[in-house]
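A.B. asks: Shown below is the structure under consideration.
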Amino acid sequence: MAIKLYNSLSRRKELFAPRDPERIGIYVCGPTVYDRAHIGNARSVVVFDVLYRLLRETFGPSHVRYVRNITDIDDKIIAAARETGQSVAQLTRRMTRFFHEDMKALDALSPDVEPRASEHIPQMIAMIERLAAKGCAYLADGHVLFAVGAAPKYGELSRKSRAELLAGARVEVAPYKRDPGDFVLWKPSPAELPGWESPWGRGRPGWHIECSAMSEAHLGESFDIHAGGVDLIFPHHENELAQSLCAHDGRPFARFWVHNGFLTAEGAKMSKSLGNIRTVRELLEKAPGEAIRLALLSTHYRDPLDWTDEKLRQAIEILDRFYRALDEPRFARGGPGEAAAEEVREALEDDLNTPLAIARLQSLAAAIYRAKEEGERRKLQERLAASGRLLGLFGKDPGEWLRSAEAPQSPRIEELIALRAAARREKRFADADKIRAELAAEGVFLEDHPDGATTWRTRH
Ligand SMILES: [Zn+2]
């Protein structure tokens with residue numbers, strides 16, 4: 001039992017030996033709650049949910065403390081609230097609730113602590129004061145800025161030269177900065193925007209200091225793993241690291257930095273302007289959360305993942321096969337049960353190799369079909385179920401999954417079916433065919449029955 005993880009700081013796979021195996025700390029940068037979670041947000045949550053499950057399994061659930069914050073103070077939130085005519089508090093409360101619902105539907109466990117930035121303002125102010133006292137921060141034009149020149153190892157995590165950092169990363173140039181790479185710790189906030197009293201007047205924190213203060217509050221100065229998407233390495237994580245090292249007089253911050261790869265959709269970067277953002281909620285209308293989860297885990301977490309409808313369709317098929325194996329003839333839950341298969345656990349211990357773990361689950365399912373003897377089949381089924389649980393899979397009753405796979409529900413698809421029926425009644429057959437083809441392209445196949453009813457499946 002030895003977990004190996006790729007550490008972005010050292011750029012190599014390292015043996016994960018916790019500081020204290022009874023007090024393992026992991027901090028994951030959580031959502032900025034201004035909009036619905038998209039599939040890229042979900043990738044980070046699902047990947048680190050598997051890591052959390054593996055750590056709990058290995059070291060005991062009560063020995064792992066998983067902190068994932070809610071960023072509820074951010075300029076994007078202020079802009080979105082203004083755009084939609086809601087108060088910032090209304091918007092963040094609503095989006096936080098949606099985020100919880102969506103992640104629950106993906107079978108992601110809740111973190112042990114979910115700190116909100118807005119509830120940690122005193123800790124942020126105190127940390128900024130410490131930074132100023134140590135000469136790492138200065139006041140300029142009402143802003144408190146972090147002086148990157150005071151951080152000797154700045155650039156260590158992203159491994160970029162100062163010139164590259166400034167050129168590549170849309171660093172905000174402002175006349176009051178001593179160095180163009182300096183970043184905001186605290187900025188003034190007018191009366192109509194969210195703000196808090198501080199030694200520098202009414203203002204609000206910058207994004208990076210939020211995470212440094214929240215990780216310190218809930219995990220202490222030093223902890224085991226800091227994780228997030230690869231797009232956070234610079235500037236967010238580089239800046240967090242610089243702040244925390246300075247505030248803690250250079251004592252180690254996170255020992256492991258773990259990052260999941262980029263996600264694109266059908267070959268393109270997801271963006272509002274392209275209109276190709278896939279929200280988790282939209283996907284949940286088309287497919288069960290467990291299939292979305294499996295599709296996300298089918299690619300190694302460090303590799304880029306191109307999200308396609310085809311991948312989701314395949315994940316549903318694979319789950320159908322798993323659940324049929326578990327249902328064959330009837331999987332009896334309970335009893336002492338079998339432990340998870342060693343080879344599945346080993347795949348996860350090797351830098352969370354989920355594609356290999358899934359392939360090994362498929363071999364187990366194949367063995368169930370081959371099993372000649374009832375007792376052996378039952379054992380294999382229990383082993384498959386226990387192994388799937390390591391990845392957060394197979395939480396449903398197999399019979400229930402298979403029944404719902406026969407008659408899935410989706411308001412949007414039902415609506416399209418109704419439109420197609422209307423088109424056929426009105427003899428607009430080209431329109432009707434177009435709807436059928438559109439649905440087929442996203443993996444939804446219609447079947448017309450002699451009595452006039454139309455049903456749909458997600459498999460051929
Ligand atoms: Zn963060």
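A short reminder: the numbers here are calculations on the coordinates, not readings from a lab. If you're wondering where the values come from, they're calculated on a predicted model, not measured in any experiment. In this analysis, Cβ positions are derived from the backbone assuming ideal geometry, glycine residues included, and neighbour counts consider all displayed protein chains.
A.B. asks: Return the percentage of antiparallel bridges among DSSP beta bridges fully within the chain, rounded to the nearest 5 %.
C.D. replies: Working: 22 of 43 bridges.
Taking every DSSP beta bridge within the chain, about 50 percent pair in antiparallel fashion.
A.B. asks: Lone cysteines in the chain, defined as no other cysteine's Cβ under 4.7 Å from theirs: which are they?
C.D. replies: Singleton cysteines: CYS29, CYS211.
A.B. asks: Provide the gained length on full extension for the span GLU114 to ARG82, in nm with one decimal, where the gain is 0.36 nm per separating residue minus the Cα-Cα distance. Working shown, then result.
C.D. replies: Numbers: separation 32, 0.36 × 32 = 11.52 nm, distance 2.60 nm.
Using 0.36 nm per residue and subtracting the Cα-Cα distance, I get 8.9 nm.
A.B. asks: Helix 374-390 versus the longest principal axis of the chain: what is the Cα-based angle in degrees, 0 to 90, to the nearest 10?
C.D. replies: 30
A.B. asks: May I pose another question? On a full-extension model of 0.36 nm per residue, what is the gain between GLU376 and ALA453, subtracting their alpha-carbon distance, rounded to one decimal in nm? Numbers along the way, then the final one.
C.D. replies: Numbers: separation 77, 0.36 × 77 = 27.72 nm, distance 4.32 nm.
Stretched fully, the GLU376-ALA453 segment lengthens by 23.4 nm.
A.B. asks: Another one. Averaging sequence separations of C-alpha pairs under 8 Å and six or more residues apart, then dividing by the length of the chain, give the relative contact order as a whole percent. Don't jump to the answer; show the numbers that get you there.
C.D. replies: Numbers: 704 pairs, mean separation 74.3, N = 460.
Relative contact order for the chain comes out at 16 percent.
A.B. asks: Angle between the Cα long axis of helix 429-441 and the longest principal axis of the chain, 0 to 90 degrees, nearest 10?
C.D. replies: The helix 429-441 is inclined about 60 degrees to the chain.
A.B. asks: Would you work out the relative contact order for region 411-457, in percent, from Cα pairs under 8 angstrom that are 6 or more residues apart?
C.D. replies: Details: 33 pairs, mean separation 11.1, N = 47.
Rounded, it is 24 percent for region 411-457.
A.B. asks: With a point put 7 Å past each Cα toward its Cβ, work out how far LYS427 is from ASP303 in nm, to one decimal.
C.D. replies: 5.3
A.B. asks: Which pairs break 22 Å Cα to Cα here: LYS272/LYS434; LYS13/LYS160; LYS76/LYS104; LYS286/LYS396; LYS187/LYS269? Don't skip to the answer; put the middle values down first.
C.D. replies: On the way: LYS272/LYS434 26 Å; LYS13/LYS160 20 Å; LYS76/LYS104 25 Å; LYS286/LYS396 18 Å; LYS187/LYS269 31 Å.
Too far apart for the 22 Å limit: LYS272/LYS434; LYS76/LYS104; LYS187/LYS269.
A.B. asks: Once the piece of chain linking ALA126 and LYS272 is laid out straight, how much longer is it, given 0.36 nm per residue of separation minus the C-alpha distance between them?
C.D. replies: Working: separation 146, 0.36 × 146 = 52.56 nm, distance 3.68 nm.
Gain on extension, ALA126 to LYS272, equals 48.9 nm.
A.B. asks: Sticking with this one: Applying 1/(1 + (r/R0)^6) with R0 = 30 Å to the Cβ-Cβ distance of GLU197 and ARG94, what FRET efficiency is obtained, to the nearest 0.05?
C.D. replies: Calculated transfer efficiency: 0.65.
A.B. asks: Return the percentage of antiparallel bridges among DSSP beta bridges fully within region 16-260, rounded to the nearest 5 %. Could you put the intermediate results ahead of the total?
C.D. replies: Numbers: 11 of 28 bridges.
So the antiparallel bridges amount to about 40 percent of the total.
A.B. asks: Label region 16-260 by shape, choosing from rounded, prolate and oblate, from the square roots a ≥ b ≥ c of the eigenvalues of the Cα gyration tensor; if a/c is under 1.5 it is rounded, and otherwise prolate applies when a/b is larger than b/c, oblate when it is not.
C.D. replies: oblate
A.B. asks: Rounded if a/c is under 1.5, else prolate if a/b beats b/c, else oblate: with a ≥ b ≥ c from the C-alpha gyration tensor eigenvalues square-rooted, which is the chain? Don't skip to the end; give the middle numbers.
C.D. replies: Numbers: a/c = 2.46, a/b = 1.47, b/c = 1.67.
Verdict is oblate for the chain.
A.B. asks: Using only Cα atoms and rounding to the nearest 10 degrees, what angle (0 to 90) does helix 354-370 make with the longest principal axis of the chain?
C.D. replies: The two axes meet at around 20 degrees.
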